[in-house]
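Below is one structure; the comments refer to it alone.
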2 protein chains.
Amino acid sequence: MGKETNSPNSAFAHVYAVIMAGGSGTRFWPLSRRKRPKQLLEIFGKTTLIEQTVERLKGVVPPERIYIFTNEFVHADIVRRLPQILKRQIVAEPAQRNTAPTIGLAAHEILRRDPAGVMAILPADHVIKKPAAFRSALKAACRWAGTPGRSVVLGIEPTRPETGYGYVRLGAPAGRIGNQDILRVEKFTEKPKLPLARRYVASKRYLWNAGMFIWRASTLIENLQRLQPQMARGLEEIAAEGGIDNRRALKKLFPRLEKISIDYALMEKLSEVFAVAGDIGWSDVGSWAVAYELSAKDKHGNVQPGNSLSIDCAGNLLVSRRSFLVTIGVENLIIVETGDALLVCARERSQDVGKAVHEIEQLKMNKFL
Amino acid sequence: MGKETNSPNSAFAHVYAVIMAGGSGTRFWPLSRRKRPKQLLEIFGKTTLIEQTVERLKGVVPPERIYIFTNEFVHADIVRRLPQILKRQIVAEPAQRNTAPTIGLAAHEILRRDPAGVMAILPADHVIKKPAAFRSALKAACRWAGTPGRSVVLGIEPTRPETGYGYVRLGAPAGRIGNQDILRVEKFTEKPKLPLARRYVASKRYLWNAGMFIWRASTLIENLQRLQPQMARGLEEIAAEGGIDNRRALKKLFPRLEKISIDYALMEKLSEVFAVAGDIGWSDVGSWAVAYELSAKDKHGNVQPGNSLSIDCAGNLLVSRRSFLVTIGVENLIIVETGDALLVCARERSQDVGKAVHEIEQLKMNKFL
């Protein structure tokens, strides 16, 4: 493909990024809170995941063509962290309506700016360890998606029979861009049970659906008009009132849109769907255990902050924000201390952190959420 | 023995308590600190151990005959907690010189007040679960010690081959007071290795030396004059300057006394030593693991504070002072959080907490000591 530039005449002058940063995950409690969800944590590198998501687009999408959709809890923090992005392009949604309404809102904004606009939907809270490979896959996907009617999934080659993700089934080859194969997608699947997930992985015909989609804004809007006409009308109404610039209309109309994911609303119903498979070092960092796996460890397998002292410990992830932490003779624990809250969890049980947060909600201990 | 009263004519009108509260133990870190050693912790009941020590003497030694020897770090706190004890009788030692100099200083004070004074040396940081049995044993010891020349040890029947304590070997019966046998002590032993400790326990001829001694003040001073003449002279010099009331003399002269325990200085060298064995529910609470054993537990064997939430946890001791603590899937841990410091320790490793504190000292992180 040769070196790409950001000049308006480049192949990517019509590419816009739509970063989905509305997540309010509970799985990194007590570090993650309503006001500091996973995408705003700094434990996965020198900067937050949302900053990394923007940084990773360098050379493909310039800041002026990046949009971020988030919630009111974290909007100000994101604006502060990303001064290179126009404040009007960092949108606090007045209500959580899942991904389809957000993507539709973004599509109208992009279409207004650029009738040939191609939008790349990108989650803000994933780790991608091979950014160059990501950019290469993204560029291929954007080129392929430039043709009207096409929807492209940037999927991940599965490395384990994960039951927590959706999968896409690959079909016939559809083309090649640079060194990147484009394949037809036969089917979107829901999260499979373990035996099925094992078959998916063994077949080599499946990719993980990581929530990264690329298509022309016009294609998305046409697909919504055809398959989700009610939502399409609601989105047109918002667009007619000024879209993301009319805060009042947004507050009134956006919460009325159906709360539905783009997967259910569209992807499972579309025919012209293609996949680009990326070996991009991807992880959705879905639990403290995964954060442990991704982190640099000392010779005893401990992930350890500076203000701590360990005697005969191994395999622990230690996060200590306020306290001097001493550990003695403990193994395979997640210990996270934030001043007001403290988690001590067996590493193999870290998928249950969300359960604890749910209990805290039930107990109405809101200051810990 | 019948009911005792505190009238000056009672059998115990000459009994004085000398509570040894100078300890600066590290084994309950991070709850215990220089300014809040074990005797000032409230985790072993509704009050601190030193308050319990005073309370336990009710009916035997009235407050006006109780002396407390402690250090400058905690003096003010002890004065505040024990308003019933005259401030002049709560003495901050200007230097830590181990037990012999302290006991000698106390002996001169008591002798000055009461030539027939009998002094009971009692540690401030032990748990005694059967206070009535303790008082009964103490009374017998005090009566026996009323005869000049006698030294009495209130010893504990060993329940396990503990290698962390000294033992006393019992000899021939010497008498009986009430239902309390008085036996001769043949020998004081140092902390034994495990095989020897096992033999001690099996023989039933040994008691644990818990640091509780009873004798006439005059007997103690005579023994020091004979066996520790240099220390005896130093103590006489302090007494001539006004003893505990002359702070300046104490500051100058007390630190010059030899730093030595009463066990080494005297007990191992004396012949007229007797023992009273007490089944008094004694524990020196030498580690977090022992504190766990002594505490009330929920049905999963957790010792748990109010501000915590546990999912699938068992056998943990949880102390949480500042943070809301969530534990998931962890067993047999000691977790202690104090705002500035946090300990997570395998219960079976709690004897190594002191080692961690030593490392903190080496690192010169004094604010955590």
Q: Using the 7 Å Cα-to-Cβ label point, sort the distances from B:GLY178 to its equivalents in the other copies shortest first and give them in nm to one decimal.
A: 9.1
Q: Compute the acute angle (0 to 90°) between the alpha-carbon long axis of helix A:194-203 and the principal axis of greatest extent of the alpha-carbon atoms of chain A; round to the nearest 10°.
A: 60
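How would you classify the range B:1-139 from its alpha-carbon gyration tensor, with a ≥ b ≥ c the square roots of the eigenvalues: rounded for a/c under 1.5, else prolate if a/b is greater than b/c, otherwise oblate?
Values: a/c = 2.05, a/b = 1.36, b/c = 1.51.
Since a/c reaches 1.5 but b/c is at least a/b, the shape of the range B:1-139 is classed as oblate.
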Q: Rounded to the nearest 0.05, what FRET efficiency do B:ALA116 and B:ARG176 give with R0 = 22 Å and r taken as the Cβ-Cβ distance? Could you check?
A: 0.45
**Q.** Bridge type composition, the range A:15-283 - antiparallel percent by DSSP, nearest 5
**A.** 55
(Q) Which one, B:ALA100, B:ALA11, B:ALA265, has the greatest fluctuation when you compute a Gaussian network model over chain B with C-alpha springs under 10 angstrom? (A) B:ALA11
(Q) If each label sits 7 angstrom from Cα along the C-beta direction, how far apart, in nm, is A:ARG198 from its counterparts in the other copies? (A) 4.9
Q: Find every distance from the label point of A:GLU331 to the corresponding label point in the other copies (7 Å from Cα along Cα→Cβ) and write them in nm, one decimal, shortest first.
A: 1.4
Q) How far apart, in nm, are two points set 7 Å out from the Cα along the Cα-to-Cβ line at A:ALA133 and at A:LEU369? A) 3.9
Q. What shape does the range B:15-283 take by its C-alpha gyration tensor, where a ≥ b ≥ c are the square roots of the eigenvalues and a/c under 1.5 counts as rounded, a/b above b/c as prolate, and the rest as oblate?
A. rounded
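Can you give the translational diffusion coefficient of the range B:255-364 in µm²/s, computed by Stokes-Einstein from the Kirkwood radius over Cα pairs at 20 °C and 1.002 mPa s? The partial results should precede the final answer.
Details: Rh = 17.1 Å.
D, rounded to a whole number, is 125 µm²/s.
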Q: Would you mind checking the range A:293-327 for residues with the amide N under 15 Å from a putative spin-label position 7 Å along Cα→C-beta of B:HIS358?
A: A:311-312
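Local charge sum around A:ALA356 (other residues, Cβ-Cβ under 13 Å, Lys/Arg +1, Asp/Glu -1)? The partial results should precede the final answer.
On the way: positive: A:ARG27, A:ARG349, A:LYS355; negative: A:ASP352, A:GLU359, A:GLU361, B:ASP312.
Computed value for this residue: -1.
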**Q.** Positive-pole candidate from B:LEU318, B:ALA291, B:GLY339, dipole of the range B:284-369, charges at beta carbon
**A.** B:GLY339
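Roughly how big is the protein assembly as shown's charge dipole about its Cα centre, with Cβ charges of +1 (Lys, Arg) and -1 (Asp, Glu), in debye to the nearest 20?
On the way: 108 positive and 74 negative charges, 42 e Å.
For this selection, approximately 200 debye.
Per DSSP H run of at least 4 residues, take -39500 (n - 2.57); add these up for the protein assembly as shown, divide by its residues and hand me the 222 nm value, nearest 500 deg cm²/dmol.
Numbers: 22 runs with 210 residues, N = 738.
Only helices count here, giving -8000 deg cm²/dmol.
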Q. Of B:ILE182, B:GLN225, B:ILE244, whose Cα points farthest to the positive end of the dipole of the range B:135-280 (charges on the beta-carbon: +1 Lys, Arg; -1 Asp, Glu; origin at the Cα centre)?
A. B:ILE182
(Q) Taking beta carbons within 10 Å but only from partner chains, what does the mean come to for residues B:318-324? (A) 5
(Q) Tell me the volume per residue, in Å³, of the convex hull enclosing the alpha carbons of the protein assembly as shown. (A) 201
Q | Centroid-to-centroid separation of the range B:60-131 and the range A:289-307 [C-alpha atoms, Å] | A | 50
Q) So if R0 is 56 Å, what FRET efficiency would B:ALA296 and A:GLU272 give, r being the distance between their Cβ atoms, rounded to the nearest 0.05? A) 0.25
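Tally Lys/Arg at +1 and Asp/Glu at -1 over every other residue whose Cβ is under 11 Å from the Cβ of B:LYS35; what's the total? Provide the component values of the computation, followed by the final result.
Working: positive: B:ARG33, B:ARG34, B:ARG36; negative: B:GLU72, B:ASP77.
Within the 11 Å Cβ shell, the charges total +1.
Taking a ≥ b ≥ c as the square roots of the Cα gyration tensor eigenvalues, with a/c under 1.5 meaning rounded and otherwise prolate when a/b beats b/c, else oblate, which class fits the range B:33-89?
Details: a/c = 2.34, a/b = 1.25, b/c = 1.88.
Oblate is the answer for the range B:33-89, as a/c is 1.5 or above yet b/c matches or exceeds a/b.
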Q. At a Förster radius of 25 Å, what calculated FRET efficiency corresponds to the Cβ-Cβ distance of A:ARG205 and A:TYR264, to the nearest 0.05?
A. 0.65
Q | Of all DSSP beta bridges in the protein assembly as shown, antiparallel share, percent nearest 5 | A | 45
Q: Provide the net charge surrounding B:PRO173, with neighbours chosen by a C-beta distance below 13 Å and charges set as Lys +1, Arg +1, Asp -1, Glu -1.
A: +1
Q. When you look at the Cβ of every residue in B:335-347, what mean number of other chain Cβ atoms sits within 10 Å?
A. 6
Q) Between A:GLY278, A:GLN89, A:PHE134, whose Cα lies farthest towards the positive end of the dipole of chain A when Lys and Arg beta carbons carry +1 and Asp and Glu beta carbons carry -1, centred on the Cα centre? A) A:GLN89
**Q.** Computed magnitude of the charge dipole of chain B (debye, nearest 20; Cβ of K, R +1, Cβ of D, E -1)
**A.** 300
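Where a number appears in this text, it was derived from the coordinates with a stated rule and is not lab data. Please read all numbers here as calculations on a predicted model, not as lab measurements. Glycine gets a Cβ as well: all are built from the backbone with ideal geometry, and neighbour counts include every protein chain shown.
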